[in-house]
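Data block below; observations after.
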Amino acid sequence: MSRLIVISNRVSTPKPRSAGAQGGLAVALSAALREYRGIWFGWSGGKTDEFTGQINLHREDGVTTATIDLEEQDVDEYYNGYANRTLWPLFHYRIDLAEYDRSFGSGYERVNERFAETVTPLVEPDDLVWVHDYHLIPLGQQLRQRGLRNRIGFFLHIPWPPHRLMVSLPFHQRLVRSMLAYDLIGFQCAEWLESFHHYITRELGGTVFDDGMIEVDGRRVQTAAFPIGVDVAEFEAAMETQDARNAFETLKRSLEDKKVVIGVDRLDYSKGIEERFLGYRRFLEENPDWHGKVSLLQIAPPSRGEVHTYETIRDTLDGLSGRINGEFAHVDWVPIRYVNQGYPREGLAGFYRASDVALVTPLRDGMNLVAKEYVAAQDPADPGVLILSRFAGAAHQLGEAILINPYSKDEVSDAIRSALTMPKAERRRRWEALIDNVRREDVLSWRHAFVAALAGDQVETPEPEPETGEVAV
Ligand code: GDG
């Protein structure tokens, strides 16, 4: 079996227990690296005065990591700048928040060159190389320029924007053309894949074949959807721990006999937390009989603190949760418990299990693993209800959730009421369909499918997507 070289922006050294918010990517990849011999390469998260290309090798828990430090200017321009202030908002359809600054673009290219230069000597001729996410789009081209002839694949964890939004990015063609250096490009779902295909045909005059192969100026690249999943076995093991039981008991005890609706998200505008609070307020306005009987527990660990927009969202949510609590609370009831910190995974598992409803309402999300974790954590005999944004990649698979438009306060409000009053038989019927998908399309099948396709095995053409337009309340 070929070795696998995984390259992503951040490398998180596997830890037996991961406190705080570990991104979805980190959770998925540490499991993958245990299975294939190989190396996980990326930025350590640390800074250095002068970039030297020095690699720190580390082996723990069956995973070899190779990390580099970056200069302050690199972090500002590449990570805080182009990745998080230009590409992240644009790819989440927020061109109003996207910032275009020449220094960001040049910092992004410089860091991609630095990655390529440092990782190239670690790659052996038979290795498969798997590049992850929007931080490293041009890396494949940089690796080719340094002579790598290996199979190189790229997986995008976030949405691919519609063609008409993509063209608002200065030098968009240069970025997309650099992707033609890959052998395989993977997306989370058919919708993002379709947007990419539109760009290829309309902007680059390329051809898209039925099997997902694209051809531009004689260069062929395989493209496909590979929906990422969760590690169900790992999650079930977390559920069995004492910490999970303690978290479950603590939440249950504090609620007395009240119902709880849970939200868990990195503090990010794409997650629709503000809109969720507004939808919940509408629910409280329209359903006075539920006052004192339900609480919204929102866990939102801060992320990307150095980017200004993230300070703004924090201020907005502090103010909004305070106002809603001020408006509706009684001496013995607070409608929103807004917690601005992360919890270990075991604790999170216990909180999911103790919650009657999960409110997962991103305005746009590549996939969304929280929705799948919530499903995996439920008691089969008495499962909770998942309310899910139809704009999350996960909605393509989790059609038995209550699918809503997160921009509509009315839909959110109606969905909360339906979820809280849903009979047990219907909860079980929906959950069984959901868990079936979460188990079948888990993180293992995701990485097997991607690696098999990268190794040159046949790629399955994705099934046509069902319409997720109707609100299944
Ligand atoms: C990107 C894409 C795609 C959250 N709070 C805590 C905590 N978390 C964990 C969750 C989950 C992960 O963070 C978040 O994953 P998501 O998928 O929901 O979202 P992103 O971080 O935006 O991930 C996304 C993903 O990549 C994978 O491809 O699904 O669309 O945006 O696992 O549990 N973990 C712990 N404590 C917390 O307080 N331990």
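The values are calculated or read from the model by the stated rules, or taken from the named source; none is laboratory data. Quick caveat: nothing in here was measured; it's all calculated off a predicted structure. Backbone-built Cβ (ideal geometry, glycine too); neighbour counts: all protein chains shown. SASA here: full protein model, heavy atoms, side chains in, ligands and nucleic acids out. Shrake-Rupley method; radii C 1.70, N 1.55, O 1.52, S 1.80 Å.
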Pair list, Cβ < 8 Å and 6+ apart or interchain, from the range 360-378 residues that are among the β-branched types (Val, Ile, Thr) to residues that are within 6 Å of the ligand (Cβ to nearest atom): VAL360/ASN368; VAL360/VAL370; VAL370/VAL264
Out of (1) within 13 Å of the ligand (Cβ to nearest atom); (2) surrounded by 24 or more Cβ atoms within 10 Å (Cβ to Cβ), the one ALA401 does not meet is (1)
Pairs returned, first residue in the range 310-325 that is without any contact (Cβ under 8 Å) to a residue 12 or more places away in the chain, second residue that is in a helix (DSSP H, G or I), beta-carbon separation under 9 angstrom, 6 or more apart or interchain, are THR312/TYR269; ARG323/ARG281
From the set of residues in the range 289-303 that are under 18 Å from ILE273 (Cβ atoms), open to solvent by 10 Å² or more (accessible area, probe 1.4 Å) and assigned to a loop (DSSP other than H, G, I, E, B), which is farthest from the ligand (Cβ to nearest atom)? PRO302
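Let me confirm something: among GLY53, GLY107, GLY42, GLY81, which residue is surrounded by fewer than 18 Cβ atoms within 10 Å (Cβ to Cβ) and either modelled with pLDDT under 95 or small (Gly, Ala, Ser) (or both)? Step through it out loud before you land on a result.
Working: GLY107 fails: surrounded by fewer than 18 Cβ atoms within 10 Å (Cβ to Cβ); GLY42 fails: surrounded by fewer than 18 Cβ atoms within 10 Å (Cβ to Cβ); GLY81 fails: surrounded by fewer than 18 Cβ atoms within 10 Å (Cβ to Cβ).
Unique residue meeting the criteria: GLY53.
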(1) modelled with pLDDT of 95 or more; (2) in a helix (DSSP H, G or I): which one isn't true of LEU251, the others all being true? (1)
Test each condition in (1) free of Cβ contacts under 8 Å to residues at least 40 places away in the same chain; (2) closer than 30 Å to LYS271 by Cα; (3) β-branched (Val, Ile, Thr) for ILE137 and report the one that comes out false. (1)
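Table: residues versus (1) touching a strand residue (DSSP E or B) at 6+ places or on another chain (Cβ under 7 Å); (2) within 13 Å of the ligand (Cβ to nearest atom); (3) modelled with pLDDT of 95 or more; (4) open to solvent by less than 20 Å² (accessible area, probe 1.4 Å).
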residue	(1), (2), (3), (4)
VAL261	yes, no, yes, yes
ARG266	no, yes, no, no
SER270	yes, yes, yes, yes
LEU278	no, no, yes, no
ARG282	no, no, yes, no
GLY305	no, no, no, no
THR309	no, no, no, no
GLY322	no, no, yes, no
ASN325	yes, no, yes, no
Would you mind telling me which numbered condition in (1) more than 14 Å from the ligand (Cβ to nearest atom); (2) open to solvent by 10 Å² or more (accessible area, probe 1.4 Å) PHE391 fails? (1)
Considering only residues that are more than 18 Å from ASN84 (Cβ to Cβ) and open to solvent by less than 20 Å² (accessible area, probe 1.4 Å), look in the range 149-167 and name the one that is nearest to the ligand (Cβ to nearest atom). PHE155
Test: ALA415 is touching a strand residue (DSSP E or B) at 6+ places or on another chain (Cβ under 8 Å) and more than 11 Å from the ligand (Cβ to nearest atom): yes
Any residue in the range 129-152 that is charged (D, E, K, R) and on the phi > 0 side of the Ramachandran plot? yes
Quick check on VAL385: is it more than 16 Å from the ligand (Cβ to nearest atom), crowded, with 23+ Cβ neighbours inside 10 Å and touching a residue at least 12 places away in the same chain (Cβ under 8 Å)? yes
Subset of the range 186-238, residues within 30 Å of GLY350 (Cα to Cα), open to solvent by less than 30 Å² (accessible area, probe 1.4 Å) and not in a helix (DSSP H, G or I), comes to GLN188, CYS189, PHE226, ILE228, GLY229, VAL230
